[in-house]
1. Taking the number of other C-beta atoms within 10 Å as the exposure measure, put Cys156, Cys232 in order starting with the fewest.
2. Roughly how many nanometres apart are two label points built 7 Å out from the Cα toward the Cβ at Arg106 and Trp91?
3. Each label point is 7 Å from the Cα along the Cα-to-Cβ direction; what then is the distance between the points at Ile221 and Arg234, in nm?
4. Arranged by the count of other C-beta atoms within 10 angstrom, fewest first, what order do Ser60, Ser293 take?
5. Can you give me the long-range amide H partners of Glu62? Hydrogens built in the peptide plane at 1.01 Å from N, cutoff under 5 Å, separation of 5 or more residues or another chain.
6. Measuring from label point to label point, each 7 Å out along Cα→Cβ, what is the Ala263 to Lys133 span in nm?
7. Mind listing which chymotrypsin sites (Phe, Trp or Tyr not before Pro) in region 83-185 are in a DSSP loop and have 15 or fewer other Cβ atoms within 10 Å?
8. Can you give the FRET efficiency to the nearest 0.05 for Ile184 and Ala80, using r as the Cβ-Cβ distance and R₀ = 22 Å?
Amino acid sequence: MMAQEAAGHAAETAAAAGTPAVEGGAHAAAGAVHAVAEGAHEGPFQAGDFIFHHILDSQSLELPFVGEVHLPTLHIGPWALPITKHAVMMWIVFALVVLVLWLATRRRSTAPRGMHNVMEAIVVFVRDDLARKNIGHEGDRFVPYLLSTFVFILFCNLLGLFPYMATATGNIGVTAGLAGMAFIMIQVSGMREHGVVGHFRNLVPHGLPIWLMPIMIPVEILGLFTKPFALCVRLFANMTAGHVVIASLIGMVFILQKWWVGAILTVPFALFINGIELLVAFLQAYIFTMLTSLFIGMTVHPSH
């Protein structure tokens, strides 16, 4: 995604600077890099600005054949609610999930096929390998939440791999919201199973010496918040790191101003990292959902 956008910016800058149209990709790339590096109209290339432009949230979108589109701000009473790029990405994910579910359920047959088969495989995987394995026989009632979490994170991760799109899970606010929902589910599941008093009593292992209580109680209470905090930071860091690496590789072309850097180093490595990002998109959705189910299982079945 970032490779295509960077190439487009380089080509536009080269055309504005009067770079001659030379046949052969090597000379054209060299001219584009030189034009961007010189920055006759925009100043010298700033690697930090280039990287942060692609990973930070903003109130604008870059659309093909249109350019930069500024998003509006909603005013509800005294509150101003700006619509940001990552918010739009989550709306797109919501629409895609609804579309996929409609495609999966519009035709019901004994032998599922197509999208129906794909969604059935995902549902069975979440139910058998995550909910039942980590929570136990009570796990089936948590399948809707775990499935929604898995599919939402997966779609957000994959959407960021497409040109002109962004990764909403690379926003600490989005991952904090997901971790907050996980925190609520973990606590509610424990209270539902053991009661409010019983749930908090189970935080401290049974049979613990009384003289250790002043130490263990604060530690266990702190542990209630460190679990969702770890979920939040892990997802955010992993989804941001790949984009930073790709943007850094592309920035090397403009910093070194050598066409062969892109041909030999940047493009092959960027493609390799994109392949890793595809794997990470599935892996992080699995890890977040798996750890959530594991924490719920630890609350429902505390160790004594």
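Please treat every number below as a calculation from the coordinates, not as lab data. None of these values were measured; they are calculated from a predicted model. Reconstructed Cβ throughout: ideal geometry from the backbone, glycine too, with neighbour counts over all protein chains shown.
1. Taking fewest neighbouring Cβ atoms as first place, the list is Cys232, Cys156.
2. A separation of 2.4 nm, rounded to one decimal place.
3. Placing both labels 7 Å beyond Cα along the Cβ direction yields 2.6 nm.
4. With the fewest neighbours first, Ser60, Ser293 line up as Ser60, Ser293.
5. Those lying under 5 Å, H to H, from Glu62 are Val69.
6. Taking the two extended label points, one gets 4.8 nm.
7. Of the chymotrypsin sites (Phe, Trp or Tyr not before Pro), the ones in loops of region 83-185 whose Cβ has at most 15 other Cβ atoms within 10 Å are Tyr164.
8. The computed FRET efficiency comes out at 0.20.
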